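Undergrad: My questions will all concern the structure given below.
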Amino acid sequence: MSRKRKWKVTLEYVLLILLAFLFVFPLLWMFASSLKPEASIYQDLTSIKALLPSLQPSDWLEPYRELFSRFNILGYVANSLLYATIITVGSIVVNAMAGFAFSKFTFKGKYLLFGMLLALLIVPMETMIISQFTIIHHLGLVDTRIAVVLPMIANVFFIYLFRNFFMAVPTSVLESARIEGANNWTIFWRIMMPMSKPAIATVGTLSFIASWNDYLWPLMILTDTSKHPLQVAITNINVTEPVFTNQIMAILTISTIPLIIVYIFAQKYLLQGLGSSGTGDK
(Lines give C-alpha, C1' and ligand atoms only; values in the text may rest on other atoms or scores of the structure.)
Protein backbone atom coordinates (compact mmCIF):
# COMPACT_ATOMS: atom_id res chain seq x y z
CA MET A 1 0.00 0.00 0.00
CA SER A 2 1.41 3.38 -1.01
CA ARG A 3 1.97 6.17 1.50
CA LYS A 4 -0.78 8.26 -0.11
CA ARG A 5 -3.20 5.35 0.20
CA LYS A 6 -2.25 4.81 3.87
CA TRP A 7 -2.89 8.46 4.68
CA LYS A 8 -6.25 8.30 2.96
CA VAL A 9 -7.29 5.18 4.88
CA THR A 10 -6.05 6.69 8.15
CA LEU A 11 -8.00 9.89 7.52
CA GLU A 12 -11.15 7.89 6.75
CA TYR A 13 -10.86 5.94 10.01
CA VAL A 14 -10.25 9.12 12.01
CA LEU A 15 -13.31 10.78 10.52
CA LEU A 16 -15.43 7.66 11.13
CA ILE A 17 -14.28 7.49 14.75
CA LEU A 18 -15.14 11.17 15.27
CA LEU A 19 -18.54 10.64 13.68
CA ALA A 20 -19.18 7.58 15.84
CA PHE A 21 -18.21 9.55 18.94
CA LEU A 22 -20.74 12.26 18.07
CA PHE A 23 -23.47 9.61 18.10
CA VAL A 24 -22.19 7.73 21.14
CA PHE A 25 -21.41 10.81 23.25
CA PRO A 26 -25.02 11.52 24.34
CA LEU A 27 -25.49 7.85 25.31
CA LEU A 28 -22.28 7.84 27.36
CA TRP A 29 -23.24 11.05 29.14
CA MET A 30 -26.76 9.74 29.81
CA PHE A 31 -25.51 6.45 31.23
CA ALA A 32 -22.76 8.06 33.32
CA SER A 33 -25.19 10.67 34.69
CA SER A 34 -27.54 7.92 35.83
CA LEU A 35 -24.76 6.52 38.02
CA LYS A 36 -23.89 9.60 40.06
CA PRO A 37 -25.51 11.96 42.59
CA GLU A 38 -27.54 14.91 41.34
CA ALA A 39 -24.95 17.52 42.35
CA SER A 40 -22.10 15.69 40.63
CA ILE A 41 -23.81 15.92 37.23
CA TYR A 42 -23.55 19.71 37.21
CA GLN A 43 -20.15 19.82 38.88
CA ASP A 44 -18.65 17.55 36.18
CA LEU A 45 -20.22 19.21 33.14
CA THR A 46 -17.07 21.08 32.12
CA SER A 47 -14.64 18.16 32.45
CA ILE A 48 -14.10 14.63 31.19
CA LYS A 49 -15.75 13.43 34.41
CA ALA A 50 -19.08 14.16 32.71
CA LEU A 51 -18.59 10.88 30.79
CA LEU A 52 -17.63 8.91 33.88
CA PRO A 53 -19.86 7.48 36.63
CA SER A 54 -19.39 8.34 40.26
CA LEU A 55 -16.07 7.27 41.73
CA GLN A 56 -18.02 5.78 44.63
CA PRO A 57 -19.63 2.49 43.49
CA SER A 58 -22.17 2.82 46.31
CA ASP A 59 -23.67 5.80 44.43
CA TRP A 60 -24.29 3.91 41.19
CA LEU A 61 -27.62 2.30 41.96
CA GLU A 62 -29.01 5.00 44.22
CA PRO A 63 -30.77 6.97 41.43
CA TYR A 64 -32.38 3.73 40.24
CA ARG A 65 -33.55 2.83 43.76
CA GLU A 66 -35.11 6.26 44.23
CA LEU A 67 -36.71 6.11 40.78
CA PHE A 68 -38.30 2.70 41.41
CA SER A 69 -39.51 3.81 44.83
CA ARG A 70 -41.29 6.88 43.40
CA PHE A 71 -42.82 5.39 40.24
CA ASN A 72 -44.18 2.08 38.98
CA ILE A 73 -41.36 1.56 36.51
CA LEU A 74 -41.82 -2.20 36.23
CA GLY A 75 -45.46 -1.67 35.30
CA TYR A 76 -44.56 0.81 32.56
CA VAL A 77 -41.84 -1.48 31.21
CA ALA A 78 -44.28 -4.41 31.23
CA ASN A 79 -46.81 -2.33 29.27
CA SER A 80 -44.20 -1.38 26.67
CA LEU A 81 -43.05 -4.98 26.33
CA LEU A 82 -46.65 -6.16 25.96
CA TYR A 83 -47.47 -3.61 23.27
CA ALA A 84 -44.18 -4.13 21.43
CA THR A 85 -44.50 -7.93 21.46
CA ILE A 86 -48.07 -7.93 20.14
CA ILE A 87 -47.25 -5.36 17.46
CA THR A 88 -44.09 -7.20 16.42
CA VAL A 89 -45.78 -10.59 16.06
CA GLY A 90 -48.86 -9.05 14.46
CA SER A 91 -46.76 -7.05 11.99
CA ILE A 92 -44.86 -10.11 10.86
CA VAL A 93 -47.98 -12.25 10.35
CA VAL A 94 -50.36 -9.66 8.85
CA ASN A 95 -47.87 -7.94 6.54
CA ALA A 96 -46.39 -11.25 5.42
CA MET A 97 -49.84 -12.51 4.44
CA ALA A 98 -50.49 -9.32 2.48
CA GLY A 99 -47.08 -9.53 0.82
CA PHE A 100 -47.74 -13.16 -0.10
CA ALA A 101 -51.06 -12.23 -1.70
CA PHE A 102 -49.56 -9.39 -3.73
CA SER A 103 -46.61 -11.50 -4.89
CA LYS A 104 -48.17 -14.87 -5.74
CA PHE A 105 -51.92 -14.37 -6.18
CA THR A 106 -53.70 -12.95 -9.22
CA PHE A 107 -56.85 -10.92 -8.66
CA LYS A 108 -58.65 -8.00 -10.27
CA GLY A 109 -57.25 -4.58 -9.38
CA LYS A 110 -54.10 -6.07 -7.81
CA TYR A 111 -51.64 -3.55 -9.25
CA LEU A 112 -53.97 -0.60 -8.72
CA LEU A 113 -54.48 -1.54 -5.07
CA PHE A 114 -50.76 -2.05 -4.54
CA GLY A 115 -49.99 1.28 -6.19
CA MET A 116 -52.48 3.02 -3.90
CA LEU A 117 -50.83 1.40 -0.89
CA LEU A 118 -47.39 2.59 -2.01
CA ALA A 119 -48.78 6.10 -2.44
CA LEU A 120 -49.56 6.08 1.29
CA LEU A 121 -45.83 6.00 2.00
CA ILE A 122 -45.59 9.71 1.20
CA VAL A 123 -48.43 10.61 3.57
CA PRO A 124 -47.13 11.64 7.03
CA MET A 125 -48.51 9.56 9.87
CA GLU A 126 -49.44 12.71 11.78
CA THR A 127 -51.99 13.65 9.10
CA MET A 128 -53.93 10.43 9.69
CA ILE A 129 -53.83 10.28 13.47
CA ILE A 130 -57.08 12.23 13.93
CA SER A 131 -58.87 9.85 11.55
CA GLN A 132 -57.44 6.92 13.47
CA PHE A 133 -58.67 8.35 16.73
CA THR A 134 -62.16 8.89 15.26
CA ILE A 135 -62.33 5.27 14.09
CA ILE A 136 -61.14 3.96 17.46
CA HIS A 137 -63.70 6.17 19.21
CA HIS A 138 -66.56 4.86 17.07
CA LEU A 139 -65.41 1.29 17.80
CA GLY A 140 -65.58 2.02 21.51
CA LEU A 141 -61.92 1.16 22.05
CA VAL A 142 -60.67 4.42 23.58
CA ASP A 143 -58.53 3.83 26.68
CA THR A 144 -58.04 0.13 25.88
CA ARG A 145 -54.82 -1.74 25.26
CA ILE A 146 -56.04 -3.07 21.91
CA ALA A 147 -56.41 0.53 20.69
CA VAL A 148 -52.66 1.03 21.19
CA VAL A 149 -51.61 -1.95 19.08
CA LEU A 150 -54.31 -2.19 16.41
CA PRO A 151 -53.30 0.76 14.15
CA MET A 152 -49.61 -0.21 14.19
CA ILE A 153 -49.89 -3.79 12.98
CA ALA A 154 -50.44 -3.13 9.25
CA ASN A 155 -47.64 -1.20 7.55
CA VAL A 156 -47.26 -0.42 3.84
CA PHE A 157 -43.46 -0.59 3.86
CA PHE A 158 -43.49 -4.01 5.54
CA ILE A 159 -45.99 -5.29 2.95
CA TYR A 160 -43.70 -4.00 0.21
CA LEU A 161 -40.67 -5.64 1.80
CA PHE A 162 -42.36 -9.03 2.19
CA ARG A 163 -43.75 -8.84 -1.35
CA ASN A 164 -40.28 -8.34 -2.80
CA PHE A 165 -38.86 -11.27 -0.84
CA PHE A 166 -41.72 -13.57 -1.83
CA MET A 167 -41.42 -12.60 -5.50
CA ALA A 168 -37.87 -13.96 -5.45
CA VAL A 169 -39.20 -17.43 -4.59
CA PRO A 170 -39.59 -19.38 -7.90
CA THR A 171 -43.16 -20.20 -8.83
CA SER A 172 -42.01 -23.74 -9.63
CA VAL A 173 -41.39 -24.31 -5.91
CA LEU A 174 -44.99 -23.42 -5.13
CA GLU A 175 -46.33 -25.55 -7.97
CA SER A 176 -44.33 -28.53 -6.74
CA ALA A 177 -45.79 -28.07 -3.27
CA ARG A 178 -49.33 -27.91 -4.69
CA ILE A 179 -48.75 -31.13 -6.61
CA GLU A 180 -47.82 -32.74 -3.29
CA GLY A 181 -51.17 -31.61 -1.87
CA ALA A 182 -50.16 -28.43 -0.04
CA ASN A 183 -52.70 -25.63 0.12
CA ASN A 184 -51.94 -21.90 0.24
CA TRP A 185 -51.74 -21.83 4.06
CA THR A 186 -49.26 -24.70 4.11
CA ILE A 187 -47.16 -23.04 1.40
CA PHE A 188 -47.20 -19.76 3.30
CA TRP A 189 -46.19 -21.17 6.70
CA ARG A 190 -43.84 -23.98 5.67
CA ILE A 191 -42.20 -22.63 2.53
CA MET A 192 -42.48 -18.86 2.22
CA MET A 193 -41.93 -17.85 5.83
CA PRO A 194 -38.84 -20.05 6.49
CA MET A 195 -37.27 -18.69 3.30
CA SER A 196 -37.77 -15.07 4.39
CA LYS A 197 -35.85 -14.88 7.66
CA PRO A 198 -34.12 -11.58 6.72
CA ALA A 199 -37.50 -9.98 6.00
CA ILE A 200 -38.98 -11.36 9.21
CA ALA A 201 -36.04 -10.07 11.25
CA THR A 202 -36.20 -6.67 9.56
CA VAL A 203 -39.93 -6.26 10.06
CA GLY A 204 -39.72 -7.58 13.61
CA THR A 205 -36.89 -5.25 14.57
CA LEU A 206 -38.35 -2.13 12.97
CA SER A 207 -41.84 -2.75 14.33
CA PHE A 208 -40.46 -3.40 17.83
CA ILE A 209 -38.44 -0.19 17.75
CA ALA A 210 -41.37 1.83 16.37
CA SER A 211 -43.71 0.44 19.02
CA TRP A 212 -41.24 0.90 21.87
CA ASN A 213 -40.58 4.52 20.88
CA ASP A 214 -44.20 5.40 20.10
CA TYR A 215 -45.33 8.34 22.19
CA LEU A 216 -48.02 10.42 20.51
CA TRP A 217 -50.60 7.70 19.79
CA PRO A 218 -50.63 6.10 23.28
CA LEU A 219 -50.75 9.57 24.80
CA MET A 220 -53.86 10.39 22.75
CA ILE A 221 -55.72 7.11 23.17
CA LEU A 222 -55.01 6.26 26.83
CA THR A 223 -56.30 8.12 29.86
CA ASP A 224 -55.58 5.43 32.44
CA THR A 225 -51.98 6.00 33.55
CA SER A 226 -51.63 2.34 34.59
CA LYS A 227 -51.81 1.42 30.87
CA HIS A 228 -49.19 3.93 29.74
CA PRO A 229 -46.08 2.61 27.99
CA LEU A 230 -42.65 3.67 29.15
CA GLN A 231 -42.25 6.54 26.66
CA VAL A 232 -45.41 8.27 27.90
CA ALA A 233 -44.41 7.58 31.50
CA ILE A 234 -41.06 9.30 30.91
CA THR A 235 -42.88 12.55 30.17
CA ASN A 236 -44.94 12.19 33.35
CA ILE A 237 -41.81 11.49 35.38
CA ASN A 238 -40.09 14.49 33.82
CA VAL A 239 -42.79 16.88 35.09
CA THR A 240 -43.45 15.31 38.50
CA GLU A 241 -41.93 17.43 41.24
CA PRO A 242 -39.29 17.14 42.50
CA VAL A 243 -37.46 16.50 39.23
CA PHE A 244 -33.99 14.92 39.54
CA THR A 245 -31.70 14.82 36.52
CA ASN A 246 -30.00 11.58 37.55
CA GLN A 247 -33.37 9.84 37.81
CA ILE A 248 -34.38 11.16 34.39
CA MET A 249 -31.14 9.76 32.98
CA ALA A 250 -31.83 6.47 34.74
CA ILE A 251 -35.27 6.05 33.16
CA LEU A 252 -33.87 7.03 29.75
CA THR A 253 -31.16 4.40 30.16
CA ILE A 254 -33.76 1.78 31.02
CA SER A 255 -35.77 2.71 27.92
CA THR A 256 -32.70 2.49 25.67
CA ILE A 257 -31.33 -0.90 26.78
CA PRO A 258 -34.03 -3.09 25.10
CA LEU A 259 -33.50 -1.31 21.77
CA ILE A 260 -29.76 -1.92 21.91
CA ILE A 261 -30.28 -5.60 22.77
CA VAL A 262 -32.79 -6.12 19.95
CA TYR A 263 -30.52 -4.44 17.42
CA ILE A 264 -27.46 -6.45 18.47
CA PHE A 265 -29.26 -9.77 18.01
CA ALA A 266 -31.03 -8.78 14.77
CA GLN A 267 -28.24 -6.73 13.19
CA LYS A 268 -27.13 -9.41 10.72
CA TYR A 269 -30.59 -10.07 9.30
CA LEU A 270 -31.62 -6.43 9.56
CA LEU A 271 -28.83 -5.20 7.30
CA GLN A 272 -29.41 -8.09 4.90
CA GLY A 273 -33.14 -7.46 4.80
CA LEU A 274 -32.89 -3.69 4.23
CA GLY A 275 -30.11 -4.16 1.68
CA SER A 276 -32.21 -6.48 -0.47
CA SER A 277 -35.65 -4.94 0.12
CA GLY A 278 -35.63 -3.29 -3.28
CA THR A 279 -34.66 -6.37 -5.28
CA GLY A 280 -36.11 -9.37 -3.51
CA ASP A 281 -32.67 -11.04 -3.33
CA LYS A 282 -32.03 -13.16 -0.25
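The values are calculated or read from the model by the stated rules, or taken from the named source; none is laboratory data. The structure displayed is predicted, hence computed values, not measured ones. Backbone-built Cβ (ideal geometry, glycine too); neighbour counts: all protein chains shown. Only protein heavy atoms, including side chains, enter the accessible area calculation; ligands, DNA and RNA are left aside. Shrake-Rupley method; radii C 1.70, N 1.55, O 1.52, S 1.80 Å.
Undergrad: Taking region 57-88, which residues are loosely packed, with under 15 Cβ neighbours inside 10 Å and among the hydrophobic types (A, V, I, L, M, F, W, C)?
TA: If the condition is that a residue be loosely packed, with under 15 Cβ neighbours inside 10 Å and among the hydrophobic types (A, V, I, L, M, F, W, C), then W60, L61, L74, A78 are the ones that fit.
Undergrad: Quick one: which helices (runs of 4 or more DSSP H) lie wholly within region 175-260 and hold at least 2 residues that are more than 18 Å from Y76 (Cβ to Cβ) and touching a Phe, Trp or Tyr at 6+ places or on another chain (Cβ under 7 Å)? Walk me through how you get there before you give the answer.
TA: Working: elements: 184-187, 197-213, 216-221, 230-238.
Here the list reads 197-213.
Undergrad: Is there any pair linking a residue in region 73-101 that is outside any helix (DSSP H, G or I) to one that is at pLDDT below 95 and not small (G, A, S), with Cβ under 8 Å and at least six apart or on different chains, and which?
TA: Close Cβ pairs satisfying both conditions: none exist.
Undergrad: Among the residues of region 1-50, how many are part of a helix (DSSP H, G or I), of a type outside the set (F, W, Y) and under 18 Å from I248 (Cα atoms)?
TA: Total meeting the criteria: 12.
Undergrad: Has region 182-201 got at least one residue that is at pLDDT 90 or above and of a type in the set (S, T, Y)?
TA: Yes; the residues of region 182-201 include at least one that is at pLDDT 90 or above and of a type in the set (S, T, Y).
Undergrad: On the basis of being in contact (Cβ under 8 Å) with a residue 60 or more places away in the chain, out of contact with any Phe, Trp or Tyr (no Cβ under 6 Å at 6 or more places or on another chain) and not acidic (D, E), does T171 make the cut?
TA: yes
Undergrad: For the list (1) in contact with a helix residue (DSSP H, G or I) (Cβ under 9 Å, 6 or more places away or on another chain); (2) loosely packed, with under 13 Cβ neighbours inside 10 Å; (3) among the polar types (S, T, N, Q), I need the number of the one condition that T127 fails.
TA: (1)
Undergrad: Please state which of the following conditions P53 fails to meet, knowing it meets all the rest: (1) in contact with a helix residue (DSSP H, G or I) (Cβ under 9 Å, 6 or more places away or on another chain); (2) of a type outside the set (S, T, N, Q); (3) assigned to a helix (DSSP H, G or I).
TA: P53 satisfies every listed condition except (3).
Undergrad: Any residue in region 240-252 that is at positive phi and open to solvent by 50 Å² or more (accessible area, probe 1.4 Å) sitting within a Cβ distance under 6 Å of a residue that is modelled with pLDDT under 95 and of a type outside the set (G, A, S)? List the pairs, counting only those 6 or more apart or interchain.
TA: From region 240-252, no pairs qualify.
Undergrad: Quick check on region 145-174: of everything there that is over 19 Å from M116 (Cβ atoms), out of contact with any Asp or Glu (no Cβ under 9 Å at 6 or more places or on another chain) and not in a helix (DSSP H, G or I), which residue is least open to solvent (accessible area, probe 1.4 Å)?
TA: Ranking the qualifying residues of region 145-174, first place goes to V169.
Undergrad: Consider I200 carefully, then state whether it is open to solvent by less than 30 Å² (accessible area, probe 1.4 Å) and of a type outside the set (S, T, Y).
TA: On the way: open to solvent by less than 30 Å² (accessible area, probe 1.4 Å): no; of a type outside the set (S, T, Y): yes.
Against the criterion (open to solvent by less than 30 Å² (accessible area, probe 1.4 Å) and of a type outside the set (S, T, Y)), I200 does not qualify.
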